[in-house]
Amino acid sequence: MGLIPLCGGLHSRMHYLFYVMDSCSLKTAPPAPRETRGLEEWSPSLLKVLPPGAPFYPFCVWWIFHYLRIFKNRDYKVVFIREGDRVIQRSCLIPAFFRFPFMQPADLTVVIWTAAGHRGKGLATRALHEAIERSRQPQRKIWYVTKETNLASIRLAECLGFSFLGKGRRVSAFGFRILGRFIVDILDSPFARANTNVRVASSAK
Ligand SMILES: CC(C)(COP(=O)(O)OP(=O)(O)OC[C@H]1O[C@@H](n2cnc3c(N)ncnc32)[C@H](O)[C@@H]1OP(=O)(O)O)[C@@H](O)C(=O)NCCC(=O)NCCS
């Protein structure tokens with residue numbers, strides 16, 4: 001499928017691919033289980049700042065964003081898989097916030113990780129499928145942003161039925177990456193045209 005370049009020379013600074021799906025249009029059948037470990041769910045509360053086994057950053061920041069309502073909806077959640085005491089897969093659904101200016105308030109985006117040594121066994125496919133299934137809501141879109149060099153991540157998005165929307169980049173604000181945002185520079189066609197509430201960065205025009 002061809003891309004619509006909006007100005008010349010964008011490819012050199014393009015680092016991210018943007019995928020999206022309607023939360024209710026997830027492939028209904030979960031992937032054939034290659035892995036049968038139990039799935040657990042975590043959501044934040046006043047005393048639950050970090051999901052089990054999760055690093056302080058960025059999870060502490062996300063907890064603050066949840067309580068300060070910088071997150072635009074209340075549906076921040078993590079579905080995870082343990083092996084013994086150790087978490088080996090973590091699928092996070094993060095509400096819309098300033099980093100994703102193209103997301104609507106009800107939307108969620110994916111942040112996902114599988115422990116090295118457990119990759120390629122279907123853990124991410126299974127946990128993310130379940131996380132999305134538990135977050136279904138009419139009008140809600142699920143976004144997936146990944147580096148264009150991350151083949152495993154791209155394959156995962158495609159396996160779950162995400163549609164490729166376009167390409168873009170991440171920019172800092174006031175010199176701080178944490179305050180920055182993603183920008184869509186190029187929209188794919190025709191899917192992107194049917195989802196035109198996403199505006200292409202004006203700097204790309
Ligand atoms: C991306 C990531 C979460 C995938 O986790 P995983 O548990 O290995 O994923 P799965 O086993 O469910 O595999 C999903 C698909 O990707 C494919 N895949 C997995 N690793 C791959 C690789 N290195 N290269 C190409 N495809 C790969 C699998 O074959 C599978 O496709 P298939 O069903 O057609 O066989 C994992 O590689 C990871 O944690 N990477 C580091 C963190 C990261 O990059 N997160 C994504 C940021 S958006």
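The values are calculated or read from the model by the stated rules, or taken from the named source; none is laboratory data. As the structure is a prediction and not an experimental result, all values here were calculated from the model. We place every Cβ from the backbone using ideal geometry, glycine too, and count neighbours over all the protein chains shown.
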Q) For residue 83, are the conditions met, namely being at pLDDT below 90 and either within 16 Å of the ligand (Cβ to nearest atom) or not small (Gly, Ala, Ser) (or both)? A) no
Q | Residue check, residue 61 surrounded by 13 or more Cβ atoms within 10 Å (Cβ to Cβ) and either assigned to a strand (DSSP E or B) or modelled with pLDDT of 95 or more (or both) | A | no
Q.
Can you pull out every residue in segment 35-57 that is within 14 Å of residue 91 (Cα to Cα) and either hydrophobic (A, V, I, L, M, F, W, C) or assigned to a helix (DSSP H, G or I) (or both)?
A. 39, 42, 50, 54
Q: Name the single residue, out of those in segment 133-185 being of a type in the set (Phe, Trp, Tyr) and out of contact with any Ser or Thr (no Cβ under 8 Å at 6 or more places or on another chain), that is nearest to residue 71 (Cα to Cα).
A: 182
Q. How about segment 97-108: which of its residues are crowded, with 21+ Cβ neighbours inside 10 Å and either modelled with pLDDT of 95 or more or among the aliphatic types (A, V, I, L, M) (or both)?
A. 103, 107, 108
Q: Sort out which residues of segment 154-196 are within 16 Å of the ligand (Cβ to nearest atom), assigned to a loop (DSSP other than H, G, I, E, B) and small (Gly, Ala, Ser), and write them in order of number.
A: 161
(Q) Exactly one condition in (1) hydrophobic (A, V, I, L, M, F, W, C); (2) closer than 22 Å to residue 24 by Cα; (3) near the ligand (Cβ under 8 Å from one of its atoms) is false for residue 151; which is it? (A) (2)
Q. Within segment 120-140, restricting attention to residues that are buried (at least 22 other Cβ atoms within 10 Å of the Cβ) and more than 11 Å from the ligand (Cβ to nearest atom), which residue is nearest to residue 38 (Cα to Cα)?
A. 131
